[in-house]
Amino acid sequence: MRRRIKLVAIEVVGAVAFLAPAQALASSVPEGSFNPGFLLSAGSGECPVGVGTEISGMVFPKGDPGSIGYGGFFQAQTYAGDYARLAFGFQLGNVVGGELGIAGLTRSDLHTSTFALHTGVFASAAVLGTGLRVTIPMSGADHGLPAHGVEMSWVLTLKVPIYSGRVFNSFGRPLRDEQGPITAAAREASGWADISDPALVAHLSPREREELAALWLEAALAEHASIATFSALALELLALGAPADLLAACQQAAQDEIEHARLSFGLASTYAGLPLGPGTLPLPATALSGDAAAVAYLSFTDGCIGETFAAALARRAQRHATDPAVARALARIATDEARHAALAWSIVAWCLTLDPARVRAALDAALAEPELDAPAAPLTDVLGLPIVPAARHGAVPVDEQKPLRRRAERTARARLKRMLRAPREARVEGGLVP
């Protein structure tokens, strides 16, 4: 009984000791995850079955939870109450990955305490993970007892992934290069926003103001980058010989994004207490593609889906925003994003008239891709606890974003299928922007 209590205490102390570093790891970059959970292993060794806990933290350098990440893990297990296994180390991967670390096995009736090398491969999806783990002893006999032997185990984990990061409700159409989305760096600057509406921050603590300033600044930089996206799109349409109405609507969309950026920088500046604006924007050095298929593909994914979702997100945020300045900004963004989505449908329909076979192939490829999850993270700390009065200041919790994204994507996919079946009728349905 004493040994069992001691082993449980080892698990608890080990898990608590790893908790703070794992949280820091998960929240130290723009996107990360913290994953506490239950661990079961079965395989070779003195006692074939071990139960316990695993805590891991993963960061995603590209800011995308679907990309390759790196992080650390801690495992604590007991084997029939006879001995314990503690391990920690590094992980690399995402859905599939590998890990390397060190392990320690406590003394049992048959073996002495043993220091070992931990290696393994894993596969995970949402809350469930599985893998193969090998423990290779690196210390020998002591006190007349041999070291624990090599252990090869199948591992099952049941976790609660908690995503963290300062990713705000981003409404603009993204600007990208080969590495992913591009935004300017923020700086203290006049010309984009004046500090106003002191009542907005009068009831907030310094920490709440800091967090809200960072979140609205994230939104402002995304809107600012969208100005370049629509400017580049206008040049693509010019190269393809687009009609005047599409060009005018594209130029208007760029003007809309300027206003969205000004509104967002204004809110960020109010929360921060100093004027904020964008620095230099590293524009991608790419030539015009002149490819109707590429233009149609991005118009569907980023416009027909992305901006429909952005409009729904802004409307949802507006309904719960209690400050008039925040509500006015969200109302303007929602209206404009809905119009940008309509423009995207008009571009897709027009591209189908230019090169039907290649454009249809590109759109079929878009339909064949898996549905994406909501790209934004919740306005919470790494443990999922609220850090600011989120909804009152324009943020939408991630559990409410996901159904909005799912609805936007499924509606857009159904409409595109109708368009591809009857392109002329769908062109009328799309309503070419006047």
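Descriptive notes on the structure:
- With all protein chains in place and ligands, DNA and RNA left out, the 1.4 Å accessible area ranks ILE333, ILE227 as ILE227, ILE333, largest first.
- Neighbour net charge for VAL127 - beta-carbon separation under 13 angstrom, K R +1, D E -1: 0
- For the pair VAL160 and LEU367, a Förster radius of 35 Å applied to the C-beta separation gives a FRET efficiency near 0.60, rounded to the nearest 0.05.
- Calculated FRET value between LYS402 and HIS143, using beta carbons and R₀ = 60 Å, to 0.05: 0.60
- Taking 7 Å steps out from each Cα toward its Cβ at ARG187 and LEU92 produces label points 3.6 nm apart.
- For segment 330-335, backbone phi angles converted through the Karplus equation (6.51, -1.76, 1.60; θ = phi - 60°) give residue-by-residue couplings of 5, 5, 4, 5, 4, 4 Hz, Gly and Pro being listed as x.
- Computed from the C-beta positions of ALA202 and VAL150, the FRET efficiency with R₀ = 56 Å rounds to 0.30.
- Rounded to the nearest 10 square angstrom, HIS203 shows an accessible area of 110 square angstrom against a 1.4 Å probe.
- Segment ALA294-GLN252, length gained on full extension (0.36 nm per residue, minus Cα span): 12.9 nm
- Separation of the GLU178 and GLU259 label points, Cα + 7 Å toward Cβ, nm: 3.9 nm
- Between ARG392 and LEU238, residue separation times 0.36 nm minus the direct Cα-Cα distance comes to 51.2 nm.
The values are calculated or read from the model by the stated rules, or taken from the named source; none is laboratory data. Quick caveat, the model's predicted, so the values are computed rather than measured. Cβ: placed from backbone, ideal geometry, glycine included. Neighbour counts: every protein chain shown. All accessible areas refer to the heavy atoms of the entire protein, side chains included, with ligands and DNA or RNA removed. Shrake-Rupley method; radii C 1.70, N 1.55, O 1.52, S 1.80 Å.
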